[in-house]
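Chemist: Here it is: the structure, laid out below.
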Amino acid sequence: MLITVKQLILNQAIEEIIDNVCSVSEELDPKNIDDMNKMLKSSKHVFVMGLGRSGLVARAFAMRLMHLGISVYVVGETTTPALSPEDCLLAISGSGETFSIISAAKIAQKRRTKIIAVTSYVDSTLGKMADLVVHIKGRTKIDSEKNYITRQINGKHQSLSPLGTLFEVTTLIFLDSLIAQLMVEMGKTEEDMKARHTVIE
């Protein structure tokens, strides 16, 4: 059966996303992840935030932390309490330069709240402010290069995944995988998590 151009684009986009996930998985620092898990488990409250699609990823992670019995809040909700030195803020920003994320991180710093940054740019403003940084690769800087010849010389082709897709999808998979690791570390089962799942739907 002949593959149409549309099918080819779809398949290549899927492969690109999967390749990015695998690449990030191979580059993760085990000690860094252990430190992150310890911070999440030892904090009185975990606050999560992100904007746009990164915000949806943050909410999905918050839901699973709640299922594990970790006290978690989504920044921006009306029921979110004040930050304290016993808490941690997990901020998701591909660029590490999102204005509202930086503003929240500054408040967290003033209140001596620990900060976990999930970003593509370790040397970004958010990365430099954080107590712990998790590097999740997204689109590379060459993707912003508008000159076709320059891209070709560098052996890079325009990403098929638009905007922040690579970062957002990879972050979602990373955080969901982290939940699996936390389940083992905390001795939790799927039944434990189901017991905390909402019954008001």
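Chemist: Along the positive direction of the dipole of the chain (beta-carbon charges: Lys, Arg +1; Asp, Glu -1; about the Cα centre), which of 170, 189, 7 reaches farthest?
Modeler: 170
Chemist: Once both labels are modelled 7 Å past Cα along the beta-carbon direction, what's the residue 80-residue 123 spacing in nm?
Modeler: Taking the two extended label points, one gets 3.0 nm.
Chemist: Quick one: net charge around residue 112, please, counting Lys, Arg +1 and Asp, Glu -1 for every other residue with C-beta under 13 Å from its C-beta.
Modeler: +2
Chemist: Name the trypsin sites (Lys or Arg not before Pro) in the range 11-88 that are in a loop by DSSP and that have at most 14 other C-beta atoms within 10 Å, would you?
Modeler: Passing both the DSSP loop test and the Cβ count: 44.
Chemist: Shifting gears a bit: Summing Lys, Arg as +1 and Asp, Glu as -1, what charge do residues with Cβ under 15 Å from the Cβ of residue 27 carry, residue 27 excluded?
Modeler: With Lys, Arg at +1 and Asp, Glu at -1, the net is -1.
Chemist: Per DSSP H run of n ≥ 4, the term is -39500 (n - 2.57); total these for the chain, divide by its residue number, and report the mean residue ellipticity at 222 nm rounded to 500 deg cm²/dmol.
Modeler: Only helices count here, giving -16000 deg cm²/dmol.
Chemist: Let me know the charge dipole size of the chain about its Cα centre in debye, to the nearest 20, where only the beta-carbon of Lys, Arg (+1) and Asp, Glu (-1) is charged.
Modeler: Details: 23 positive and 23 negative charges, 125 e Å.
The dipole magnitude comes to about 600 debye.
Chemist: Please give, to one decimal in nm, the separation of the simple spin-label points placed at residue 3 and residue 71, each 7 Å out from Cα toward the Cβ.
Modeler: 5.2
Chemist: Give, rounded to the nearest 20 debye, the magnitude of the charge dipole that the range 16-95 has about its Cα centre when Lys and Arg contribute +1 at Cβ and Asp and Glu contribute -1 at Cβ.
Modeler: Around 400 debye, computed over the range 16-95.
Chemist: Taking the 0 to 90 degree range and rounding to the nearest ten, how far is the long axis of helix 30-42 tilted relative to the main principal axis of the chain, both from C-alpha atoms?
Modeler: With rounding to tens, the tilt is 40 degrees.
Chemist: Enumerate the whole-percent occupancy of each 5 Å bin, from 0 to the last occupied one, for all C-alpha pair distances of the range 1-41.
Modeler: Values per bin, smallest distances first: 5, 20, 13, 14, 13, 10, 9, 6, 6, 4, 1.
Chemist: Then there is this: Dividing the alpha-carbon radius of gyration of the chain by 2.2 N^0.38 Å (N being the number of residues), what value is obtained? Don't jump to the answer; show the numbers that get you there.
Modeler: Numbers: Rg = 18.5 Å, N = 201, 2.2 N^0.38 = 16.5 Å.
Normalised by 2.2 N^0.38 Å, the Cα Rg of the chain equals 1.12.
Chemist: Could I ask something else about it? List the GluC sites (Glu not before Pro) within the range 38-119 that fall in a DSSP loop (any state other than H, G, I, E or B) and whose Cβ has at most 13 other Cβ atoms within 10 Å.
Modeler: 77, 86
Chemist: For 124, 177, write out the residues from largest to smallest accessible area, computed with a 1.4 angstrom probe and no ligands counted. Working shown, then result.
Modeler: On the way: 124 5, 177 65 Å².
Largest to smallest exposure gives the sequence 177, 124.
Chemist: Hey, another quick one. Could you give the accessible area per residue of the range 3-150, probe 1.4 Å, as a whole number in Å²?
Modeler: Value for the range 3-150: 54 Å² per residue.
Chemist: Continuing with this model, one more query. Carbon-plus-sulfur fraction of the accessible area of the chain, 1.4 Å probe, in percent?
Modeler: Solvent-exposed carbon and sulfur of the chain make up 58 percent of the total.
Chemist: Another question, then. Please compute the modelled spin-label separation between residue 192 and residue 11, points set 7 Å along Cα→Cβ, answer in nm with one decimal.
Modeler: 4.3
Chemist: State which entries of 44/188; 106/128; 114/194; 137/188; 38/188; 110/137 exceed 23 angstrom in Cα-Cα distance in the structure shown.
Modeler: Listed pairs above 23 Å: 114/194; 137/188; 110/137.
Chemist: Considering only protein heavy atoms, with the full assembly of protein chains and a 1.4 angstrom probe, order 185, 26 by accessible area, largest first.
Modeler: Per-residue accessible area, sorted high to low, gives 26, 185.
Chemist: Let me ask something else. Which of the listed residues, 50, 24, 102, is farthest toward the dipole's positive end in the chain, when Lys, Arg count +1 and Asp, Glu count -1 at the beta-carbon?
Modeler: The residue sitting most towards the positive pole is 102.
The values are calculated or read from the model by the stated rules, or taken from the named source; none is laboratory data. None of the values given here were measured: they were computed from a predicted structure. With ideal geometry, Cβ positions are generated from the backbone for all residues, glycine too; neighbour counts draw on all protein chains shown. We work out accessible area using only protein heavy atoms, side chains counted, and drop any ligands, DNA or RNA first. Shrake-Rupley method; radii C 1.70, N 1.55, O 1.52, S 1.80 Å.
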